[in-house]
Amino acid sequence: MPELSAAQQIAAFSADFRLGDVPAPVIERAKLHILDGLGLGLASNAYDYGKRAVAGGVALGGLGGGAACACSIIGRPELMGGRDAAMINGVLIHGLDFDDTHLASIIHPTSTALPVALSLGEARGASGGDLLAAFLAGAETGIRIGLAVDGGFHHVGYHATGVVSHFASAVTAGRLLGLTAEQITAAQGIAGSTASGIQVFLEEGAWTKRFHPGWGAVAGITAACLAQTGFKGPTRPYEGKFGLFATHLHEPAKLDRLTAGLGEVWHFGETALKPYPVCHFIHGCADAAIALREEIGGAEIVSVDAYLAEPTLHIIAEPAEAKERPTTDYEAKFSAQFVIAYCLLEGRFGLPDLLPEALAHPGARALAQRVTCHADPDTAFPTYFSGGVAVTLADGRVLKRHVRINSGAGERAMTAGAVAEKFLASASLAIPTSQAEAIRDAVLDLENVPAADLAALLRVG
């Protein structure tokens, strides 16, 4: 009998595992990550991109797009067809770039699976337990694809989350639709023809990165529905001669990482939540800069040397002239120079620090032009997003700090209390505290809360 392809092995796992087979700590982390993602989805409604994304979804509905059922949009009164709802929720969850990251695979797992889990869970009348299982199946799939390439998608100009979300969403949808392993294999194969997501947004702070996981959700639902009706997809979308890795990377992938220990090893449990609403690659340096601020004590800073993982420099530090002068919140999120300068001066970096008045901070803008970024010889990347900062002061002192394990990761993972606090702060931008607390309580007891009840709590008006 021929050896099963990676997609066939993933499909068999996704179709068959029971939530009771998942280690309790992984389930508890999954609920915290869902809570975090919903809070960020709520917060996105306070921003222009969120409002325009919803308007675009409404326009699609006017053209007859999406499924016949009406599904909820996070923090909105509008109802949309299942695919359109998943697309818009994907934009809202990922839009602030404040969502979780699996560091070794360099993807945002929650945004690859939660949009589909929410919309199809509501449409199918799924239990909270079914929603959780489908979410975990998809998120674990996306992580394993990222692990197989060692961050390779980013190196050649793809946004990894944009690519893997098509497959993760197809698996999530397949689980909720009750597809067979053969059908989930086909769904992955079909998704292989849509998987993309280019990083050209970095040139001008465009909004397309926000859109990537939402479009992955549309593609995943589409692929699963086609597979359900017998539409044939290739069984080797990953390792085939013209499969994902050969076409997108032009180099071999570590195929064993796609399937090793499926059902026994849950890489999702390693996923880190973000304490700062900026590109995760900058977090170690942000930690170091904040730690140095008190030691600087208001002394004049002459120059700053920042040390970051070499493979990330082209995303967050280059070209230096543009990164030193961000003009939008999104450009600032991907500017190591600005984030480090701001952290040195203010000792923090949160959502308010991306508002126009914060981006115009004269001290931070001036200091950002004196931040020089270098490859970090002591990095633990990609296991952790390490970073170091060396500050030269006018009095001749040179103060240094290096952070190996960035806050939010590994032994510095956010506690359940910290995640709940972040959720409430995010949700407060869109809904009353009482509603936010009800959502929090429902998510933390998700095994016992129907998906439709959770969706109702997320609506407003």
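What to note about this one:
Yes or no, residue by residue, for (1) assigned to a helix (DSSP H, G or I); (2) among the acidic types (Asp, Glu); (3) within 25 Å of residue 269 (Cβ to Cβ); (4) within 23 Å of the chain's Cα centre (by Cα):
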{"position": "3", "(1), (2), (3), (4)": "no, yes, no, no"}
{"position": "10", "(1), (2), (3), (4)": "yes, no, yes, yes"}
{"position": "58", "(1), (2), (3), (4)": "yes, no, no, no"}
{"position": "76", "(1), (2), (3), (4)": "no, no, no, yes"}
{"position": "90", "(1), (2), (3), (4)": "yes, no, yes, yes"}
{"position": "99", "(1), (2), (3), (4)": "no, yes, yes, yes"}
{"position": "104", "(1), (2), (3), (4)": "no, no, yes, yes"}
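- For the stretch 213-237, the candidate set comprises residues that are hydroxyl-bearing (Ser, Thr, Tyr) and within 20 Å of residue 116 (Cβ to Cβ); within that set, the residue that is surrounded by the fewest Cβ atoms within 10 Å (Cβ to Cβ) is 229.
- In the set 331, 321, only one residue is without any contact (Cβ under 8 Å) to a residue 40 or more places away in the chain and farther than 25 Å from residue 417 by Cα; that residue is 321.
To keep it simple, each residue is scored yes or no on (1) exposed (fewer than 14 other Cβ atoms within 10 Å of the Cβ); (2) among the basic types (Lys, Arg); (3) more than 25 Å from residue 129 (Cβ to Cβ); (4) under 20 Å from the mean Cα position of the chain (by Cα).
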| residue | (1), (2), (3), (4) |
| --- | --- |
| 420 | no, no, no, yes |
| 425 | no, no, yes, yes |
| 428 | no, no, yes, no |
| 432 | yes, no, yes, no |
| 450 | no, no, no, no |
| 455 | no, no, no, no |
| 459 | no, yes, no, no |
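- Qualifying residue in the stretch 346-363 (condition: under 19 Å from residue 398 (Cα atoms) and assigned to a loop (DSSP other than H, G, I, E, B)): yes
- Candidate set: the stretch 422-455, residues that are touching a residue at least 40 places away in the same chain (Cβ under 8 Å) and β-branched (Val, Ile, Thr); chosen: the one nearest to residue 96 (Cα to Cα): 431
- Residue tally, condition touching a residue at least 12 places away in the same chain (Cβ under 8 Å), open to solvent by 10 Å² or more (accessible area, probe 1.4 Å) and either over 14 Å from residue 351 (Cα atoms) or not in a helix (DSSP H, G or I) (or both), over the stretch 32-48: 2
- Screening the stretch 117-167 for residues that are of a type in the set (Phe, Trp, Tyr) and open to solvent by less than 10 Å² (accessible area, probe 1.4 Å) and picking the one that is farthest from residue 72 (Cα to Cα) gives 153.
- Scanning the stretch 361-393 for residues that are closer than 15 Å to residue 293 by Cα and either surrounded by fewer than 18 Cβ atoms within 10 Å (Cβ to Cβ) or of a type outside the set (A, V, I, L, M) (or both) yields 363, 388, 392, 393.
- Here the condition is being in contact (Cβ under 8 Å) with a residue 60 or more places away in the chain, open to solvent by less than 20 Å² (accessible area, probe 1.4 Å) and closer than 26 Å to residue 159 by Cβ; of 91, 54, it holds for 91 alone.
- Some residue of the stretch 389-402 being assigned to a loop (DSSP other than H, G, I, E, B) and within 25 Å of the chain's Cα centre (by Cα): no
- All positions within the stretch 379-417 that are out of contact with any Cys (no Cβ under 6 Å at 6 or more places or on another chain) and either of a type in the set (Lys, Arg) or under 10 Å from residue 309 (Cβ atoms) (or both): 379, 380, 381, 382, 384, 385, 386, 397, 400, 401, 404, 412
The values are calculated or read from the model by the stated rules, or taken from the named source; none is laboratory data. Model, not experiment: these values are computed from the prediction. Here Cβ is always computed from backbone atoms with ideal geometry, including for glycine, and neighbour counts include all displayed protein chains. For the accessible areas, the whole protein counts, side chains as well, though only heavy atoms, and no ligand, DNA or RNA atoms are used. Shrake-Rupley method; radii C 1.70, N 1.55, O 1.52, S 1.80 Å.
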